[in-house]
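Bear in mind that the values in this text are calculations on the coordinates, not laboratory data. Note that the structure is a prediction, hence the values are computed from the model and not measured.
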Amino acid sequence: MSSKKAPRSLNFDAVRVIAMALPDVEETTVYGMPAFKAGTRRFVGRPVPREDIEPDTIGIAVSIAEREKLLATRPDLYYLTPHFRNYPAVLLRLPKVRREELQDILVMSWQYAMEKGPARKKKKPSPRR
């Protein structure tokens, strides 16, 4: 009889602990869902519930190129829905991730958000005189 226990699935509280330990991070809400910003950019959060979103999923900001690598190497962990296809983001199944992997992907996403810097505001056209 083995005394080893199966690792417990991670939940959003684990995401919160890791995210809040990173520099310049703020907890916020986006469309009513909990999320975390690095500087002024969201880098991780719960997606709005939809039929095609699996339970215990988080959305992570990553470049499109990085997303393609993640999807190709770990389709058991990462996935995409049609809604997210046009965004630099990937979805992650929390029950399938180990804490070390979660920390690595959150750090990568945090770095991506920090590199992007402040969100650009659209300039309003100046009134003609």
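Structure summary
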quantity	calculated
Additional length obtainable on full extension of the chain from Y31 to R8, 0.36 nm per residue less Cα span	5.4 nm
Segment A21-R50, extension gain: residue separation times 0.36 nm, minus the distance between their alpha carbons	7.5 nm
Taking N as its residue count, the alpha carbon Rg of the range 12-116 over 2.2 N^0.38 Å	0.96
